[in-house]
1. Scan (1) hydrophobic (A, V, I, L, M, F, W, C); (2) at pLDDT below 90; (3) open to solvent by 50 Å² or more (accessible area, probe 1.4 Å) for the single condition residue 97 breaks and write down its number.
2. Is there any pair with a first residue in the range 108-133 that is without any contact (Cβ under 8 Å) to a residue 60 or more places away in the chain and on the phi > 0 side of the Ramachandran plot and a second that is open to solvent by 60 Å² or more (accessible area, probe 1.4 Å) and part of a strand (DSSP E or B) whose Cβ atoms are under 9 Å apart and which are 6 or more apart or on different chains, and what are they?
3. For residues that are open to solvent by 40 Å² or more (accessible area, probe 1.4 Å) and part of a helix (DSSP H, G or I), scanning just the range 100-110, find the one that is nearest to residue 146 (Cα to Cα).
4. Answer yes or no: is there a residue in the range 111-126 that is in a helix (DSSP H, G or I), of a type in the set (Ser, Thr, Tyr) and open to solvent by 10 Å² or more (accessible area, probe 1.4 Å).
5. Give the range 147-157 a look and list any residue that's open to solvent by less than 60 Å² (accessible area, probe 1.4 Å) and free of Cβ contacts under 8 Å to residues at least 40 places away in the same chain, or say none.
6. Does the range 29-48 hold any residues that are open to solvent by less than 50 Å² (accessible area, probe 1.4 Å) and not aliphatic (A, V, I, L, M), and which are they?
7. Among the residues of the range 158-194, which ones are surrounded by 15 or more Cβ atoms within 10 Å (Cβ to Cβ) and not in a helix (DSSP H, G or I)?
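The values are calculated or read from the model by the stated rules, or taken from the named source; none is laboratory data. Bear in mind the structure is a predicted one, so any value in this text is a computation, not a measurement. Virtual Cβ from ideal backbone geometry, glycine too; neighbours counted across all protein chains shown. Ligands, DNA and RNA are stripped out before the accessible areas are found, and what is left, the full protein with its side chains, is counted by its heavy atoms. Shrake-Rupley method; radii C 1.70, N 1.55, O 1.52, S 1.80 Å.
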Amino acid sequence: MELRDYLRIWKEQKKVFWAIVLFSVLAAVIWQQSQSVSYQATLLLNIGREGGETTADYTYDSFYRLQADERFADTVVRWLGAPRVVEDIYGTAGLDAKRVSTRDLKNIFVAKRLSSQVIEVTYADADTKALQKISESAVSVLNAYAESLNKENKESNWFVVIGSDPVIRDARVSLPPATAVGLALGLFIGFWGTLSRHYFRK
């Protein structure tokens, strides 16, 4: 088929084409408006030390300390994926996590290490106040787990988890991208829909 044939088909089926496009865009807008309320929080954690270490030895520009901080940061990331730790965080925040399955508990927090001493944690909830409580509880519980590792050695220069205020944003898909996706799908489906209708009518 030549281009003029496609243009002729489109002129014959343009009402169907635009109806499909309009329906797709309208469906995308309705879906966007019907989304359940959800907010996402991003918490930044820093790995520090409780006290300064005084030594006369050569420290290789704190290489070994940074290496130890990196290993402990990896441990914190693993903690945030453990159901026991996540349940403790929710319990300290005054939230009920018993109805959440073990598999879901593992995925509540998405933690990744940005550098040797910096961890980014993202999580979601329908209540912004709950997100703030979870942030404070997470820092408290993680420090409690860190202190439990130092009960026998009693090192003064031990690790401490320092948290900042979380950045909270609406996690729902906004109207412009939803409309754009609906329009793109409408154009695609409309194009092939008109060709199919023309073919079967023939």
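1. Against the list (1) hydrophobic (A, V, I, L, M, F, W, C); (2) at pLDDT below 90; (3) open to solvent by 50 Å² or more (accessible area, probe 1.4 Å), residue 97 comes up short only on (3).
2. none
3. Among them, the one singled out is 106.
4. no
5. 148, 150 - these are the residues of the range 147-157 that are open to solvent by less than 60 Å² (accessible area, probe 1.4 Å) and free of Cβ contacts under 8 Å to residues at least 40 places away in the same chain.
6. Within the range 29-48, the first condition is being open to solvent by less than 50 Å² (accessible area, probe 1.4 Å), and the residues that meet it are 29, 32, 35, 38, 41-43, 45, 47-48.
Answer for the range 29-48, where residues must be open to solvent by less than 50 Å² (accessible area, probe 1.4 Å) and not aliphatic (A, V, I, L, M): 32, 35, 38, 42, 48.
7. Within the range 158-194, 158, 159, 160, 161, 163, 166, 168, 171, 172 qualify.
Yes/no matrix, rows are residues, columns are (1) modelled with pLDDT of 90 or more; (2) farther than 30 Å from residue 175 by Cα; (3) touching a strand residue (DSSP E or B) at 6+ places or on another chain (Cβ under 6 Å); (4) assigned to a strand (DSSP E or B):
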{"residue": "32", "(1), (2), (3), (4)": "no, no, no, no"}
{"residue": "53", "(1), (2), (3), (4)": "no, yes, no, no"}
{"residue": "58", "(1), (2), (3), (4)": "no, yes, no, no"}
{"residue": "61", "(1), (2), (3), (4)": "no, yes, no, no"}
{"residue": "65", "(1), (2), (3), (4)": "no, yes, no, no"}
{"residue": "74", "(1), (2), (3), (4)": "yes, yes, no, no"}
{"residue": "77", "(1), (2), (3), (4)": "yes, yes, yes, no"}
{"residue": "84", "(1), (2), (3), (4)": "yes, yes, no, no"}
{"residue": "90", "(1), (2), (3), (4)": "yes, yes, no, no"}
